[in-house]
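Worksheet: one structure, shown below.
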Amino acid sequence: MSATIIHRRYSNLSIALHWAMVLLIAAVYACMLLRENYPRGSDLREGLKTWHFMLGLSVLALVLFRIVVRLLNGNPPITPEPPAWQALVAKVTHFALYGFMLAMPIAGWVILSASGKTIPFFGLELPPLVGQSKGLAEQVKELHETVATIGYFVIGVHALAALFHHYIAKDDTLKRMIPSQY
């Protein structure tokens with residue numbers, strides 16, 4: 001007889017990391033959207049940009065930790081098991097989300113580095129990733145902005161899929177990631 005225990009929910013740490021990431025990414029987006037309300041060069045606009053950088057780098061730190069936790073803990077199975085095509089779409093979407101959470105902060109770090117700007121991180125100044133290059137900074141900035149726009153859709157699809165699974169498929173996909181069972 002096997003003593004294997006099948007967990008029906010993610011660990012409390014995984015759940016906390018997931019929802020912390022949601023809040024952090026929302027704050028990163030909010031900083032960039034809100035900065036547009038203030039004149040260029042104003043203290044508030046510059047402060048929001050700095051917070052955008054620092055929170056973005058926090059996303060990088062948190063996602064690296066989250067990947068380790070996910071590799072160590074795995075994923076609880078969905079009950080009832082979804083069709084193979086849904087499982088494949090979920091894997092592709094999760095891969096895109098993790099790629100997004102890794103690539104966007106690194107791209108931001110490259111933009112600042114190539115622009116010759118300091119890389120602030122809560123009182124620290126991080127080292128540049130690349131040498132100064134106006135052309136590189138402009139290219140990566142354009143890519144960063146495009147991927148940020150795509151990010152809205154990938155995040156939206158992820159959220160809608162969770163709601164689809166909960167209300168239409170009536171499986172436990174969403175319940176596995178909510179902080180407490182209801």
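What follows is calculated from the coordinates using simple rules that are stated; it is not laboratory data. What you see is a predicted model, and the numbers here were worked out from it, not measured in a lab. Note that we place each Cβ from the backbone using ideal geometry, even for glycine, and neighbour counts take in every protein chain shown.
Quick rundown of the values:
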{"read-out": "Which numbered condition Ala96 misses (of (1) in a helix (DSSP H, G or I); (2) under 18 Å from Ala16 (Cα atoms))", "value": "(2)"}
{"read-out": "Residue that is under 26 Å from Phe164 (Cβ atoms), of a type in the set (Gly, Ala, Ser) and surrounded by 11 or more Cβ atoms within 10 Å (Cβ to Cβ), where the choices are Ala61, Ala30, Ala26", "value": "Ala26"}
{"read-out": "Residue that is nearest to Thr50 (Cα to Cα) [pool: residues in the stretch 126-182 that are more than 18 Å from the chain's Cα centre (by Cα) and aromatic (Phe, Trp, Tyr)]", "value": "Phe164"}
{"read-out": "Matching residues, the stretch 33-42, being among the aliphatic types (A, V, I, L, M) and surrounded by fewer than 14 Cβ atoms within 10 Å (Cβ to Cβ)", "value": "Leu33"}
{"read-out": "Filter result for the condition that a residue is more than 18 Å from the chain's Cα centre (by Cα) and touching a residue at least 24 places away in the same chain (Cβ under 8 Å), over Arg35, Arg70, Arg8", "value": "Arg8"}
{"read-out": "Failed criterion for Pro80 (all others in (1) of a type outside the set (A, V, I, L, M, F, W, C); (2) exposed (fewer than 13 other Cβ atoms within 10 Å of the Cβ); (3) farther than 20 Å from Asp171 by Cβ hold)", "value": "(3)"}
{"read-out": "Some residue of the stretch 114-123 being on the phi < 0 side of the Ramachandran plot, in a strand (DSSP E or B) and not aromatic (Phe, Trp, Tyr)", "value": "yes"}
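Every residue, every condition in (1) of a type in the set (Lys, Arg); (2) exposed (fewer than 14 other Cβ atoms within 10 Å of the Cβ); (3) in contact (Cβ under 8 Å) with a residue 60 or more places away in the chain, yes or no:
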{"position": "Ile106", "(1), (2), (3)": "no, no, no"}
{"position": "Trp109", "(1), (2), (3)": "no, no, no"}
{"position": "Ser115", "(1), (2), (3)": "no, no, no"}
{"position": "Phe121", "(1), (2), (3)": "no, no, yes"}
{"position": "Pro127", "(1), (2), (3)": "no, yes, no"}
{"position": "Val130", "(1), (2), (3)": "no, no, no"}
{"position": "Lys134", "(1), (2), (3)": "yes, yes, no"}
{"position": "Val140", "(1), (2), (3)": "no, no, no"}
{"position": "Leu143", "(1), (2), (3)": "no, no, no"}
